[in-house]
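Shown next, in structure tokens, is the structure this report addresses.
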Amino acid sequence: MRKASVLVAEDDPVSGELLKSMLINADYSVTLVQNGKEAFDYYLKNKVDVIIADMNMPVMDGKQLIEELKKMNSEATFIIETGDKDPATIIEVMKLGVSDYIIKPFNQAELLFKVRNAIDLANLKQNKISLEKEREMRMEKQLDWNVMKERITARSYDRFDKTLFASLKASFNQGAGMGSLISLLSLLRKQVKESDGNYIVKKDLMELVFQNAVAAQKALSAITEISNMLDAEIELEKYPVQEIYKIIESLPGQLENQVAIKSQQIKFNDANYSNVHKLLMVNKHFIEKAFKELLLNAMKFSTPKSIIYIFSNCSSDRFYVSIMNEPDTSLTGEEGIPKEYEKLIFEPFFRLVKYVFEEYDTLDFGLGLTMVEKIIRKNHGRITLSTITDSSNLEPGSQGKKKINFEVALPLIKQE
């Protein structure tokens, strides 16, 4: 895994080497330069996660460095060093839009704490930028709801039925639960022995039958739930955006055990919708169910110890929520999801991998995302899948990592 990178601009050699040593010992990749001009030139050729800059340096000071980079619309994340403890100076520093500040002589624990926070902020900003770029590219053809409705209406049902029943056949004959249950019952019939009007069966064989019967029942229950939801008119109510956002924010706490399986982290962008005056017209129970399934899906298919990002924002007429994860290539052999599968992924029983993740207690029959898509449509929203290239902090000549992004858009309505 690539080390987080820090660029230190410090004209005092003693302070500069001390900073560099502390950061290297904390396992950061560190570059030390003597002034803001050197930092500016280095940044143009080598993107870094965080810049630590002294407020007072020759040639170009910390404030001038920030101003020059902002002229280029740079999203660099800064920590400013200053020897001035005057609150007025600190306020001026924070007005520059920096992540934080450190006062000389600096404390190692405080320094590392603030650098770690700045790294997290840099990651959030860069992923948000990647997400917004992807949304812009897809907006005209793929993210407009009216176009989506036309595509759904114009779908070839002959093709859909063939795909569905071919998938059903494959799942019933090969999948865990149903396919295995059929095979086990055939094996059971061959090995069973009759004695005094009773059948004698090996215990381990019956235990396998019981396990697969439970899996089959789970799949059938899911199919029934989806079918019932499609047939019924679910009740929609008006809710403030902040109330629905709080439900989404609570999901990591509800899923602590699943988060711990791969030692993952879940991080949100800084969002507050208490002053948004438009409302969401949704079924709160089903919306929570959909986002929980999306988050579980992201956990299952992400690399161990990775970060799953949840971004949200409001436009004039929609509430957007994106769940972005780094895919585990060992499961699929693919860095992202090929474009030809971006729509199929929501079809019943369609699966990119054959692995079953029992520890996550979720739908592992290619039904989870089907359920999510049906729920979002029932709430008059839409969900799209895309593979995004994370172009943040690349070494020269390297290529960006792929990230999987599920974006949900729910319509906003005016308050009465």
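Since every read-out is calculated from the coordinates, none of them should be taken as a lab result. Just so we're clear, the structure is a prediction, and the values are computed from it rather than from any experiment. No Cβ is skipped: glycine too gets one built from the backbone with ideal geometry, and neighbour counts run over all protein chains shown.
Could you calculate the FRET efficiency of Ser330 with Glu416 from 1/(1 + (r/R0)^6), where r is the beta carbon distance between them and R0 is 41 Å, rounded to 0.05?
0.20
Quick check on my link table: of Lys70/Lys125; Lys3/Lys305; Lys238/Lys300, which ones sit more than 21 Å apart, alpha carbon to alpha carbon?
Where the Cα-Cα span goes over 21 Å, the pairs concerned are Lys238/Lys300.
Work out how much length Tyr42 to Val276 would gain on full extension: take 0.36 nm times their residue separation and subtract the Cα-Cα distance, in nm to one decimal.
Contour length minus the Cα-Cα distance gives 80.1 nm.
Working out 0.36 nm times the residue gap between His285 and Leu205, then minus their Cα-Cα distance, what length gain in nm do you get to one decimal?
My answer for the length gained is 24.8 nm.
If you wrap a convex hull around the C-alpha atoms of the stretch 1-106 and split its volume per residue, what is the figure in Å³?
Cα-based convex hull of the stretch 1-106, divided per residue, equals 94 Å³.
For Leu236 paired with Ala26, estimate the spin-label separation in nm (one decimal), with each label point 7 Å from Cα along the Cα-to-Cβ line.
With each label placed 7 Å out from Cα toward Cβ, I get 4.8 nm.
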